[in-house]
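Reviewing the structure listed below.
The values are calculated or read from the model by the stated rules, or taken from the named source; none is laboratory data. Since we're looking at a predicted model, the values are computed, not measured. For neighbour counting, all protein chains shown are included, and Cβ atoms are generated from backbone atoms with ideal geometry for every residue, glycine included. Note: accessible area is taken over every heavy atom of the protein model, side chains too, but ligands, DNA and RNA are not part of it. Shrake-Rupley method; radii C 1.70, N 1.55, O 1.52, S 1.80 Å.
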Amino acid sequence: MPGDHRRIRGPEESQPPQLYAAEEEEEAPTARDPTRLRPVYARAGLLSQAKGSAYLEAGGTKVLCAVSGPRQAEGGERGGGPAGSGSEAPAALRGRLLCDFRRAPFAGRRRRAPPGGGEERELALALQEALEPAVRLGRYPRAQLEVSALLLEDGGSALAAALTAAALALADAGVEMYDLVVGCGLSLAPEPASTWLLDPTRLEEEHAAAGLTVALMPVLNQVAGLLGSGEGGLIESWAEAVRLGLEGCQRLYPVLQQSLVRAARRRGAAAQP
Amino acid sequence: DSSVYLRYIFNTCFRTVEPLEYYRRFLKENCRPDGRELGEFRTTTVNIGSISTADGSALVKLGNTTVICGVKAEFAAPPTDAPDKGYVVPNVDLPPLCSSRFRSGPPGEEAQVASQFIADVIENSQIIQKEDLCISPGKLAWVLYCDLICLDYDGNILDACTFALLAALKNVQLPEVTINEETALAEVNLKKKSYLNIRTHPVATSFAVFDDTLLIVDPTGEEEHLATGTLTIVMDEEGKLCCLHKPGGSGLTGAKLQDCMSRAVTRHKKKKKKIL
């Protein structure tokens, strides 16, 4: 970047070679069962320097998340904010959850230079909104918990994977939570098919008319977050999509439970003096 | 057994309250708290080509320290002062993920130093001849963006970054490009790819200096924090010195420096087997 003196200078402008590629057949996503979930690999407790961490791999999407804290909150007291449950600390004393979402420059088809910009901030906010209902922030007065998610490779449903990884990392860090948060992505295939596809791949997301991410707390069966955009058509269609997403989240839950149990066992074995 | 338990409690407290003294007791016995000897390296593991969206990638683990390198190749106009060369642009990122000492935002001092170090290694060792990256002099060249992200910071980041960069570059495959004479536009054949021509294999070896005299190899995060100085030596396979990085800290005698260099050469021989 020309003005950024903190990084090594490269050329002013560069283009990906794909722009100059010979005409190839348009890659179209193949038809598949709309309710299929890609196999998920989840591992918690893998980073040595973070209080809690988790790595999630679903198809081509690879996300790593780390949690640090609780440490003293910076800045002044937060005056308003959402009213917490009455029996816990008043809103001004509740802990804060600071989320950071980063995309590696090599994560997508086109390289994205490091200062991510608006999209990363929007996703970080989405992460925070979805995780707050699950964390007992009233138990961490005047403290802040920092959650950092790093997307290493985007193979579709990146936000959903990041949500799940973040919740696993929080659980791994021993943060008090009401429940885990499981995320699921959906996308609406364009005309004429017009069906909602669960856990889309990157190709399906690129060709989609609309996208949706749902976050569910499986045991409490409450929706923690919902983020969607695009031209979806009828309201019933969106309701159908949300229902599909919630089912997908419930199906993912056992895998995540197992990964936490394994991580706890590993910790126990390592702690033997 | 209560006495073992009490000793364990004492040791943990001692380590927190007086870390330097704790360390000195180990150094006196010529070893370190993690069980290594002073000249022993941590196990290195490499995982190549795991990121399919990158043109080349590698994940390196040096003990707990984990660095991932992803290379993306793009087209650009060659620099005006060197029309027959391409670009290799490294960038080291130390996100808050890897250690609680880093904050999110623009690259801090340590990240900038590491990026500059990698740029120096690339330049001095001539790992890739920039002329190889030129497609059409003065008009089109390749630019290789090498993004290194530290995932877990437990000391010796420079060794891990150098190794990750080398492994990722060896994994890079570039599509064939021809310039159409009539339209003067580039034509890319994504189906035909070839590897880069890697000329040298630089390997970095880092040392930490304790109490101005004692040298230990491959320091962990805690050791780096307690050290009075650090030193990194980059060697290539012909025993040629590519880069020497000694950012301040306690001075070293010529003899000690020579000893470090010979250790770096031995290290290179061992590491080379892993990459090839």
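Rounded to whole numbers, the Karplus 3J(HN,Hα) couplings from phi for the stretch A:161-171 are 5, 5, 4, 4, 5, 5, 5, 4, 5, 5, 5 Hz, using 6.51 cos²θ - 1.76 cosθ + 1.60 with θ = phi - 60°, and x at Gly and Pro. Normalising the average separation of contacting C-alpha pairs (under 8 angstrom, six or more residues apart) by the number of residues puts the relative contact order of the stretch A:127-244 at 25 percent. Each peptide among A:98-106, B:44-52 gets the average number of other Cβ atoms lying within 10 Å of its residues, and from highest to lowest they stand as A:98-106, B:44-52.
Across the stretch A:201-208, coupling constants 3J(HN,Hα) worked out from phi with the 6.51/-1.76/1.60 Karplus curve, θ = phi - 60°, read 7, 4, 4, 5, 5, 5, 8, 7 Hz, and Gly and Pro carry x. In the stretch B:190-211, the residues whose accessible area drops by at least 40 square angstrom when the other protein chains are added to the isolated chain are B:Leu190; the probe is 1.4 Å and only protein heavy atoms count.
Taking a temperature of 37 °C and a viscosity of 0.692 mPa s, what whole-number D in µm²/s does Stokes-Einstein yield for the stretch A:129-273 with Rh from Kirkwood over alpha carbon pairs?
201 µm²/s
Among B:Lys170, B:Lys193, B:Lys28, the order of accessible area from largest down is B:Lys28, B:Lys193, B:Lys170, computed with a 1.4 Å probe on protein heavy atoms. Computed from backbone phi, the HN-Hα couplings of the stretch B:91-97 come to 8, 9, 10, 10, x, x, 4 Hz, rounded to whole numbers (Karplus: 6.51 cos²θ - 1.76 cosθ + 1.60, θ = phi - 60°; Gly and Pro given as x). Residues considered: B:Leu190, B:Leu214, B:Leu226. Largest GNM mean-square fluctuation over chain B, using C-alpha springs under 10 Å, is found at B:Leu190. Structure remark: mean-square fluctuation, Gaussian network model of chain B, C-alpha springs under 10 Å; the largest value among B:Gly105, B:Gly239, B:Gly56 belongs to B:Gly105. Over chain A, DSSP H runs of length four or greater, each weighted -39,500 (n - 2.57), average out per residue to a 222 nm ellipticity of -9000 deg cm²/dmol. Measuring heavy-atom accessible area with a 1.4 angstrom probe and counting protein chains only, the residues of the stretch B:70-85 that give up at least 10 Å² relative to the chain alone are B:Gly70, B:Lys72, B:Ala73, B:Glu74, B:Phe75, B:Ala76.
Considering protein heavy atoms only and a 1.4 Å probe radius, which residues within the stretch B:32-52 exhibit an accessible-area decrease of no less than 40 Å² in the full assembly relative to the chain by itself? Going by heavy-atom accessible area, the residues of the stretch B:32-52 that drop by at least 40 Å² are B:Ile51. Summarising the amide proton neighbourhood of A:Ala21: residues at separation of 5 or more, or on other chains, whose placed amide H is nearer than 5 Å comprise B:Val188.
Helical content alone sets the calculated 222 nm signal of chain B at -10000 deg cm²/dmol, taking -39,500 (n - 2.57) per DSSP H segment of four or more residues and averaging over every residue. Of the solvent-accessible surface of the stretch B:59-136, computed with a 1.4 Å probe and all protein chains present, 44% belongs to carbon and sulfur.
Interface B-A: total buried accessible area of about 3900 Å², 1.4 Å probe, protein heavy atoms only. For chain B, a simple Cβ point-charge model (Lys and Arg +1, Asp and Glu -1, everything else neutral) yields a dipole of about 760 debye relative to the Cα centre. Given +1 at the Cβ of Lys and Arg, -1 at the Cβ of Asp and Glu and no other charges, the dipole of the stretch B:1-63 around its Cα centre is 140 debye to the nearest 20. With semi-axes defined as the square roots of five times the eigenvalues of the C-alpha gyration tensor, the equivalent ellipsoid of chain A measures 32, 24, 20 Å, largest first.
Counting Cβ atoms of other protein chains within 10 Å of each residue's Cβ and taking the mean over peptide B:140-146 gives 3. Computed over the Cα atoms of the stretch A:120-166, pair by distinct pair, the Kirkwood hydrodynamic radius stands at 11.8 angstrom. Applying both filters, DSSP loop and at most 15 other Cβ atoms within 10 Å, to the GluC sites (Glu not before Pro) of the stretch A:131-191 gives A:Glu176.
Taken about its Cα centre, the protein assembly as shown carries a charge dipole of roughly 2080 debye when the Cβ of each Lys and Arg holds +1 and the Cβ of each Asp and Glu holds -1. Other protein chain C-beta atoms within 10 Å of residue C-beta, averaged over B:98-104: 5. When the protein assembly as shown is described by a simple charge dipole with +1 on each Lys and Arg Cβ and -1 on each Asp and Glu Cβ, the residue from A:Ser14, B:Thr183, B:Ile48 located farthest towards its positive end is B:Ile48.
Using the Cβ-Cβ distance between A:Leu125 and A:Glu206 with R0 set to 25 Å, the FRET efficiency from 1/(1 + (r/R0)^6) comes to roughly 0.60.
Solvent exposure of A:Met177, expressed as accessible area, is near 40 Å², computed with a probe of 1.4 Å over the protein chains only. Computed from label points 7 Å out along Cα-Cβ, the spacing between B:Thr16 and B:Lys139 is 6.8 nm.
So for chain B, Kirkwood radius off the Cα pairs, Stokes-Einstein at 10 °C and 1.306 mPa s: how many µm² s⁻¹? It diffuses with D of about 78 µm²/s by this estimate. Spatially, the stretch B:1-38 and the stretch A:191-215 are offset by 56 Å when compared through their Cα centroids. Taken over the C-alpha atoms, the stretch B:201-240 has Rg and Dmax values of 11.6, 34 angstrom. From the Cα gyration tensor of the protein assembly as shown, with a ≥ b ≥ c the square roots of its eigenvalues, which class applies: rounded if a/c is under 1.5, or else prolate if a/b is larger than b/c, or else oblate? Taking the square roots of the gyration eigenvalues as a ≥ b ≥ c, the protein assembly as shown is oblate. Applying a threshold of 25 Å to the alpha-carbon distances of B:Lys72/B:Lys246; B:Lys28/B:Lys269; B:Lys139/B:Lys193 flags B:Lys72/B:Lys246; B:Lys28/B:Lys269 as lying beyond it.
Over the protein assembly as shown, give the accessible area per residue in Å² for a 1.4 Å probe, as an integer.
On the way: 25760 Å² over 549 residues.
The answer is 47 Å² per residue.
Between B:Thr266 and A:Arg71, with labels modelled 7 Å along Cα→Cβ, what's the label distance in nm to one decimal, could you check? Rounded to a tenth, the inter-label distance reads 3.9 nm.
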